[in-house]
Protein chains: 2
Amino acid sequence: MKPKIKDVAKQAGVSTTTVSRVLNGEKYVKDDLKAKVQRVIDELGYSPSHIARSLVRQKTNLIGIIVPDLTSSFYATILSSVEQTASQAGYFLLVCDIHEDTGKELKYLNIFKEMRVEGIVIMHEKLDDEIRAFLDKLDIPVIFSSVRPADQKFMSVIIDDYSAAYDATCYLIGLGHERIAFIGGDMRDVTSGQSRYAGYRKALEDNNIPIEDDYIRFGDYKPQSGYERMKELLASRVRPTAVFAVSDDMAAGAMNCINDHLLSVPDDISVIGFDGSQLTELVRPRLSSMEQPIEEMGKVTVLSLIDFMTQQQTGFKKDLILKHRLVVRDSCRPVVKQQET
Amino acid sequence: MKPKIKDVAKQAGVSTTTVSRVLNGEKYVKDDLKAKVQRVIDELGYSPSHIARSLVRQKTNLIGIIVPDLTSSFYATILSSVEQTASQAGYFLLVCDIHEDTGKELKYLNIFKEMRVEGIVIMHEKLDDEIRAFLDKLDIPVIFSSVRPADQKFMSVIIDDYSAAYDATCYLIGLGHERIAFIGGDMRDVTSGQSRYAGYRKALEDNNIPIEDDYIRFGDYKPQSGYERMKELLASRVRPTAVFAVSDDMAAGAMNCINDHLLSVPDDISVIGFDGSQLTELVRPRLSSMEQPIEEMGKVTVLSLIDFMTQQQTGFKKDLILKHRLVVRDSCRPVVKQQET
């Protein structure tokens with residue numbers, strides 16, 4: 001038989017209310033009484049039911065989290081940071097990897113609500129109408145991390161993706177490149193799709209470099225799509241001298257494609273990535289990348305969410321913009337001007 | 001005001017017990033009554049409290065999972081598969097990334113117990129005495145995945161790590177290599193540390209190749225340690241012609257080190273990894289590797305665990321051994337015999 005709260009109360013010679021107060025860490029219990037009750041709890045090996053306690057306290061200490069794809073190094077790293085910060089603050093994560101499936105996202109959001117999670121983190125921005133309607137009515141604090149869907153009342157923790165893409169492109173232009181190809185993301189994504197693409201275009205425009213549709217391709221952020229899009233780019237009438245890919249995974253795929261075509265990075269083609277994932281140090285040449293502060297993003301996400309949870313707010317107007325940073329490694333070099341004598 | 005179960009019952013003209021039966025999907029409710037109650041639930045936007053229902057049904061549908069390090073591609077992939085299988089079966093994951101900290105593991109195991117998880121998956125095998133004592137007394141089904149700690153009453157879903165390491169080494173021997181270096185794991189780990197090391201040694205012995213202590217190094221499974229250990233190996237009196245690293249991450253680090261020393265893989269040194277992670281296809285040359293069926297492992301783990309949960313068993317004698325598979329890519333070649341005329 002498992003010991004019950006009654007057994008603890010009896011053996012400690014106190015009421016069950018007092019035991020309950022000790023368990024909940026309330027302040028009205030004197031230290032010596034607290035110690036006595038705790039001793040009996042330890043002796044009997046009493047483990048309070050979290051479920052029963054949750055009902056009383058209306059606190060579950062659960063945070064629900066929606067991740068698009070755990071096998072991506074970017075999301076795995078940010079989740080690791082989210083988990084660490086949450087557990088330090090006494091919260092536990094319910095994790096849902098939706099594998100880019102919005103149907104699954106809606107199902108999980110419903111479950112999060114039913115399980116009375118105290119807050120929700122969403123790292124996915126392809127919201128359909130049903131999800132939007134659900135979020136509109138939701139009375140649980142939500143925070144978006146690394147993404148900012150259009151028209152949301154909820155706060156996002158992000159970098160300025162437009163400026164980051166602008167800066168990455170300007171870096172290549174500064175090295176003398178003019179034939180700069182672009183491997184973009186999913187254009188249904190505002191943050192990582194549209195914003196980065198707009199930043200790339202604006203940088204070319206501001207530097208009076210004509211935009212060549214032939215140099216613009218879109219992938220799904222994964223290595224294989226970087227490889228495939230690069231293959232198409234290599235078949236261009238005039239080969240680009242530089243490529244900007246909006247994820248490190250796609251940049252690594254592009255580098256492999258260049259390599260497999262017996263061309264060299266950066267001697268023949270410069271490549272710059274986006275994210276600053278572990279991969280940048282693993283590939284050869286090391287990949288220059290526009291870095292997001294991934295760990296900080298995870299940390300700030302959880303701390304902000306807990307703030308909202310404590311204040312019982314649900315809607316917020318201001319986003320939190322973290323700083324991006326260009327990290328130069330070995331995959332880019334100044335352009336070699338040909339036949340310009 | 002949120003609608004309560006009473007409100008649903010009143011509007012549908014039934015008892016709260018009937019509403020509760022509909023919510024729990026019980027069989028005693030007629031279809032037309034079920035439809036009627038469901039309609040009222042939808043109209044009122046009633047969301048039952050999972051907490052309250054859990055108390056009644058003694059079911060939380062939670063599975064707790066201990067992951068050593070989410071930023072490792074191996075664990076991220078297996079977790080992704082675990083999550084997918086669990087969610088298909090109607091279970092949700094409480095995820096704890098312990099960052100190789102056994103103190104955190106014990107704390108989380110206690111929380112899992114308190115939250116009445118129905119099953120626990122552990123992917124970490126450095127159990128200290130406190131954790132062992134905790135598991136000994138635990139009355140919740142536990143399953144180990146990808147690891148098998150010594151003396152456990154719980155089942156493991158693993159490959160035969162000893163044979164897999166033996167086979168990887170024999171593959172290099174079959175290519176004519178005799179100076180085969182080994183970058184092992186943490187020797188406190190039975191599965192990925194001791195078993196793989198023993199397999200390497202046995203393969204050399206069986207082929208009458210002397211074991212050179214100078215060729216044996218141990219890392220922490222991560223790329224950087226593969227790089228550092230390889231640096232030491234390159235300083236050996238006589239350079240090895242092949243290296244077997246017990247994780248793909250370490251093998252990739254070793255390849256980079258060889259590359260940075262202006263040597264070539266596989267022309268100067270052959271490299272073989274272990275795990276079959278995504279990295280094998282991303283690095284150049286592509287990494288040959290002893291592959292674990294990572295996704296299958298995640299799936300079988302959850303299905304077995306749910307089996308135990310359903311049968312309310314907690315201890316099991318037999319491990320489930322999945323098949324390993326050598327995947328040959330481009331990082332190994334036959335040894336070039338020198339000065340043997």
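The values are calculated or read from the model by the stated rules, or taken from the named source; none is laboratory data. Bear in mind the structure is a predicted one, so any value in this text is a computation, not a measurement. Glycine also receives a Cβ, built like all others from the backbone with ideal geometry; neighbour counts cover every protein chain displayed. Surface areas here come from the heavy atoms of the whole protein model, side chains and all, with no ligands, DNA or RNA. Shrake-Rupley method; radii C 1.70, N 1.55, O 1.52, S 1.80 Å.
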Could you grab me the full set of residues in the range B:78-103 that are modelled with pLDDT under 90 and touching a helix residue (DSSP H, G or I) at 6+ places or on another chain (Cβ under 6 Å)? B:Leu93, B:Cys96, B:Asp97, B:Ile98
Condition first: small (Gly, Ala, Ser) and away from chain A (no Cβ under 13 Å). Now tell me which residues in the range B:277-301 satisfy that. B:Ser288, B:Ser289
Somewhere in the range B:264-281, is a residue charged (D, E, K, R), out of contact with any Cys (no Cβ under 8 Å at 6 or more places or on another chain), at pLDDT 95 or above and open to solvent by 20 Å² or more (accessible area, probe 1.4 Å)? yes
Considering only residues that are in a helix (DSSP H, G or I), within 18 Å of the chain's Cα centre (by Cα) and of a type outside the set (Asp, Glu), which ones fall in the range B:137-162? B:Tyr162
Take the conditions within 11 Å of chain A (Cβ to nearest Cβ) and open to solvent by less than 40 Å² (accessible area, probe 1.4 Å) and apply them to B:Asp69. Does it pass? yes
Which ones in the range B:167-187 are in contact with an Asp or Glu (Cβ under 8 Å, 6 or more places away or on another chain) and closer than 29 Å to B:Val82 by Cβ? B:Gly185, B:Asp186
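Let's see how each residue does on (1) closer than 20 Å to B:Arg286 by Cβ; (2) assigned by TED's automatic domain parsing to the domain that holds A:Ile180:
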residue: A:Asp249; (1), (2): yes, yes
residue: A:Met255; (1), (2): yes, yes
residue: A:Ile272; (1), (2): no, yes
residue: A:Leu279; (1), (2): yes, yes
residue: A:Arg286; (1), (2): yes, yes
residue: A:Gly298; (1), (2): no, no
Does the range B:223-236 include one or more residues that are within 12 Å of another protein chain (Cβ to nearest Cβ) and touching a residue at least 60 places away in the same chain (Cβ under 8 Å)? no
For the range A:261-282, give me each residue that is among the hydrophobic types (A, V, I, L, M, F, W, C), in contact with a Ser or Thr (Cβ under 8 Å, 6 or more places away or on another chain) and assigned to a loop (DSSP other than H, G, I, E, B). A:Val265, A:Ile269
Which residue is nearest to A:Ser72 (Cα to Cα), if the candidates are limited to the range A:125-160 and must be free of Cβ contacts under 8 Å to residues at least 60 places away in the same chain and crowded, with 17+ Cβ neighbours inside 10 Å? A:Val147
I want to confirm something. Restricting to the range A:282-291 and keeping residues that are open to solvent by 10 Å² or more (accessible area, probe 1.4 Å) and not basic (Lys, Arg), which single residue is nearest to A:Tyr227 (Cα to Cα)? A:Val283
Top-ranked residue of the range B:83-122 - restricted to ones that are under 19 Å from A:His99 (Cβ atoms) and within 8 Å of chain A (Cβ to nearest Cβ), ranked as most open to solvent (accessible area, probe 1.4 Å): B:Gln84
Which of the following residues is farther than 23 Å from A:Ala254 by Cβ, of a type outside the set (D, E, K, R) and within 14 Å of chain A (Cβ to nearest Cβ): B:Met250, B:Met309? B:Met250
For B:Asp167, are the conditions met, namely being open to solvent by 60 Å² or more (accessible area, probe 1.4 Å) and closer than 21 Å to B:Val327 by Cα? yes
Filter the range B:216-258 down to the residues that are more than 21 Å from B:Leu204 (Cα to Cα) and of a type in the set (Phe, Trp, Tyr), then identify the one that is surrounded by the fewest Cβ atoms within 10 Å (Cβ to Cβ). B:Tyr227
Sole residue being of a type in the set (A, V, I, L, M), out of contact with any Ser or Thr (no Cβ under 9 Å at 6 or more places or on another chain) and farther than 21 Å from A:Gln88 by Cα, chosen from B:Leu135, B:Leu106: B:Leu135
Read through the list (1) modelled with pLDDT under 80; (2) part of a helix (DSSP H, G or I); (3) open to solvent by less than 50 Å² (accessible area, probe 1.4 Å), then give the number of the only condition that A:Tyr46 fails. (2)
Which condition breaks for B:Ser192 when tested against (1) of a type in the set (Gly, Ala, Ser); (2) out of contact with any Ser or Thr (no Cβ under 9 Å at 6 or more places or on another chain); (3) within 30 Å of B:Ala133 (Cα to Cα)? (2)
If I filter the range A:48-56 for residues that are among the small types (Gly, Ala, Ser), more than 9 Å from chain B (Cβ to nearest Cβ) and closer than 19 Å to B:Leu62 by Cβ, do I get at least one hit? no
Residue in the range B:157-168 that is closer than 25 Å to B:Gly276 by Cα, among the charged types (D, E, K, R) and touching a helix residue (DSSP H, G or I) at 6+ places or on another chain (Cβ under 7 Å) present: yes
